[in-house]
Amino acid sequence: MIVALAAVVLGLQSPAIERDDWGVPRIKATSVSQAFYGHGMAQAQDRLWQMELSRSSAQGRLAELIGSAGVASDKTVLKRAYTTDEVQAQIDSLSDEGQDSFRAFADGVNSVMKSREAAGTLPPGYGGAVPRPWAPVDSAAIAINMLQYFGAGGAGELRGLAFLEYLKMQPAKDKKLDVFDDLLWLQEPSSPTTLKAEDDKWKDSPPKFPMPTRAETEAHLASLPKASIFELAAVLTALDVDESKLYAKSNGLPHKWGSYAIAVGSSRSKSGKALLLTAPQMGHTNPSVVHEVMFDAPGLQVAGMAVPGVPGVIIGNSVHAAWGMTSGVMDIEDIFVSRLSPDDDQKYVYGSETRDVQRVVFKRSIKGGGEFTVEQERTHHGPVMLRSGVGSALYSRQSAMAGRELSTFDAFFNAYRAKGAGEILDVIGKVPASFNFFVADTAGNIGWRYAGAFPVRAEGLDPRLPTPSDPANEWKGFFSADQMPHVVNPKSGLLSNWNNKPATWWPNQDPPVSGELFRSSVLEDAIPGGKLDTADLGKAAWTIARKETGSSGAFGKMFIAAAERTDAPGSSTMSKFDGWSLDKTGAPLVYSEAVKALRTEVFKPHIGTLLQPALFEQAVQTSVIWRAINGQTIYNFLEGRDADSVVDKALTTTLAKLARSESDPEKWSFRASRISVEGEESILYHNRGTYIQISEMTSPPAAKAVASPGIAETGDHSTDQAKLARNWAYKPLRTWQQP
């Protein structure tokens, strides 16, 4: 069924908006500006309330919309938000086309707002109130918020400092820097990488990164103001329990971090055409956090995934190429610590000078009555994350993207018209946000770039600790595009990534996410050898949703061996573990609980549990456990015990724990993750893309995609894609040759 909508609004001929059987809009326009006008219309027809929530959340205005329930989220956002003028300045810095896209999109949204108001079909969340007009700064605020969440990395130095303060109270206190190096490692060459050795032109002479010696770490630590574990713990708790993220998760806004992608060159493709699977993992909500669209206009033939409230396609394909992204987790943010002036705590010391603490005041009203004020403090580095009374210091966040997040959109608009993988990757080389960017083109080429503005940091400092604010410690610029890992047409004909390390020589710096055991190895193993087709890529996505951990191959063998050394009830269940985490089977339950028990058995006697289980699990990653078990850590966590006895203890503890809940091991049952769908049965295995697109680069490209639960907030198309996701099926994307 195709529904065509056309009208004359404000003297501008609106585009035709045709919808396919799944409700996905195809915007047929005579100009790029008209196409983006239609994009605003289509999104306001499908997702107006979600867009309203998203702009209100991004601007710290939820309380104005929903009352006191939004105050906590607003306060969190406003502590680090830009002012409206600062957001407008970013819009003004865009190209003429970029600025026009934001204006036209807003006009399209407003046209539908007015028509829905007149027809009495505004979403019930407005409660009869008239929504404020949509403005370009609304879309920009959503886009900036999204880029800061998915395209940033680093700024974990407060966690590093808090960890060292915490260790002072633990049995390992006398060797706290050994533990620090073990758990917050700077480099792990054995970690799986996107760039393989045969394609790595930098492997013999990579760019230089500061790698502090122990003496430099000690000197850096000694130079910092006095720190309080209580102050640090409070701000870390606030960061981990971010009210704005909690609200986003419960209200269908982007909130989850992840993503995977596979690119196949013509030499590895059964059809001889390049292939691309892209699967951003942004969470699964009702409605979806993404919106689908197809543009059909002169100079703008693009289709794929958009973000509600923001103009343009983020992941998708043009007539020449398909592209996808995963979060890069690059360390592009640092915490700088500035000592307060001893004479005036409204000033801070910077080298030989004293500077004023800047203040930005946000005033907000609360629906139903009342108002509140948030005062944001800033140093020249950025917003203040912590004002320390104990250390008489300010800790502020400096970002490589600050003030230029929206430039990412200009790069995308240029990529829409680029005709080849190399040309597109050159355009993406200007993006300041941290992403792994994959591309496949109709000529059979594939490519990848590790994008982002990576700072050149001062020597002699430890990147895991707050940087003392001083002219000598400022960033010295950024890596050039050529210094960043990238490749076109790798020798293997294959590229894949699941947020893993880009290249062997690339350091963790902050945070330590790339270890020897990493989930990307599961993705690589799921890709068959030989030549591939789109069905093989779909099967790889199906597989990794059921094999969520990259550690099962290592620890699984250890626990199976331990099971053979004990006759404890349930040991035979562990012996059946084959790496699959299938619903309603016993072995993955035993395995997952045994890994938790092993973490506790090895580390708790020395470093405690880091105040709460979630932090303990986050800090003590599986790679650290593996190194400790194999005697590869600096600190001796086994303390004279042999590895087998420690593993045996962890397994028997797990079996005893499970037996207390259910005495019959045959009834032990793993509950796999699920995706809730309003009014329908849930979908098994959440570890998949929020949006999955698989493209074969014919001319024009042939693609299929799924974005459960559906395109709309309400109505027939609100959940019709859930049945596709439930069966791991896809709907075809229309091409530009179709009528």
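Which value, in debye to the nearest 20, describes the size of the charge dipole of the chain about its Cα centre when Lys and Arg Cβ atoms bear +1, Asp and Glu Cβ atoms bear -1, and nothing else is charged?
Using Cβ point charges on Lys, Arg, Asp and Glu, the chain gives about 900 debye.
With Cα atoms defining each centre, region 672-717 and region 541-611 are spaced 30 Å apart in the structure. So, in nm, how far is label SER480 from label THR698 when the simple model puts each one 7 Å beyond its Cα toward the Cβ? Result for the modelled spin labels: 4.3 nm. Once the C-beta distance of GLU97 and THR354 is scaled by a Förster radius of 56 Å, the resulting FRET efficiency is 0.80 to the nearest 0.05.
Listed by chain and number, the lysines placed with their C-alpha closer than 24 angstrom to that of LYS363 are LYS75, LYS79, LYS245, LYS347; residues fewer than eight positions away on the same chain are left out.
Across the chain, C-alpha contacts under 8 Å between residues 6 or more apart give a mean separation that, scaled by the residue count, equals a relative contact order of 18 percent.
Provide the FRET efficiency to the nearest 0.05 for the LYS270-ALA729 pair, computing r from the beta carbons and using R0 = 25 Å. Between LYS270 and ALA729 the formula returns 0.75. Sparse packing (at most 16 other Cβ atoms within 10 Å of the Cβ) combined with a DSSP loop state is found for the following trypsin sites (Lys or Arg not before Pro) in region 628-668: ARG641. With the helix formula -39500 (n - 2.57) applied to DSSP H stretches of n ≥ 4, the chain reaches a computed 222 nm mean residue ellipticity of -10500 deg cm²/dmol.
Of the labelled options (i) -0.42, -1.09; (ii) -0.37, -1.30; (iii) -0.62, -1.33, which one gives log10 I(q)/I(0) by the Debye sum over Cα atoms at q = 0.06, 0.11 Å⁻¹ as computed for this structure? Recomputing log10 I(q)/I(0) by the Debye sum over Cα atoms at q = 0.06, 0.11 Å⁻¹ here gives the entry labelled (ii). Measuring from centroid to centroid over Cα atoms, what is the spacing of region 53-71 and region 519-539 in Å? Rounded to whole Å, the Cα centres lie 42 Å apart.
Between SER205, ILE694, PRO507, the Cα set farthest toward the positive side of the dipole of the chain (charges on each charged residue's Cβ, about the Cα centre) is that of ILE694.
Under the rule a/c < 1.5 gives rounded, and otherwise a/b versus b/c splits prolate from oblate, where does region 454-591 land using the Cα gyration tensor? It is oblate, given that a/c is not under 1.5 and a/b is not larger than b/c. Full extension of the segment from ALA443 to VAL130, taken as 0.36 nm per residue of separation minus the current Cα-Cα distance, would add 107.6 nm.
Of LYS203/LYS501; LYS196/LYS704; LYS596/LYS649; LYS539/LYS731; LYS196/LYS539; LYS419/LYS731, which pairs sit farther than 20 Å apart, going by alpha carbon to alpha carbon?
Where the Cα-Cα span goes over 20 Å, the pairs concerned are LYS196/LYS704; LYS196/LYS539; LYS419/LYS731.
In summary, the lysines within cross-link reach of LYS173, defined as a Cα separation below 17 angstrom excluding same-chain residues under 8 places away, comprise LYS604. Its relative contact order, with pairs defined as Cα atoms under 8 Å and 6+ residues apart, puts region 552-667 at 33 percent. For region 499-600, the relative contact order comes to 19 percent (Cα pairs under 8 Å, sequence separation of at least 6).
Counted by Cβ distance under 13 Å from SER101, the other residues give a net charge of -4, where Lys and Arg count +1 and Asp and Glu count -1. Indicate the gyration tensor shape class of region 552-667 (rounded, prolate or oblate), computed on the Cα atoms with a ≥ b ≥ c the square roots of the eigenvalues: a/c under 1.5 is rounded; otherwise a/b larger than b/c is prolate and the rest oblate. Prolate.
Model label points for SER492 and LYS657, set 7 angstrom from Cα along the Cα-to-Cβ axis, are 3.5 nm apart. Using the Cβ-Cβ distance between GLU459 and GLU617 with R0 set to 25 Å, the FRET efficiency works out to roughly 0.15. With the highest mean first, a sort of the peptides 524-537, 331-344 on other beta-carbon atoms found within 10 angstrom per residue produces 331-344, 524-537.
Read the figures in this text as sums done on the coordinates, not as results from a lab. Note that the coordinates shown come from a computational prediction; the quantities given were computed from them, not determined experimentally. Neighbour counts are summed over all protein chains in view; Cβ atoms, including those assigned to glycine, are modelled from backbone coordinates with ideal geometry.
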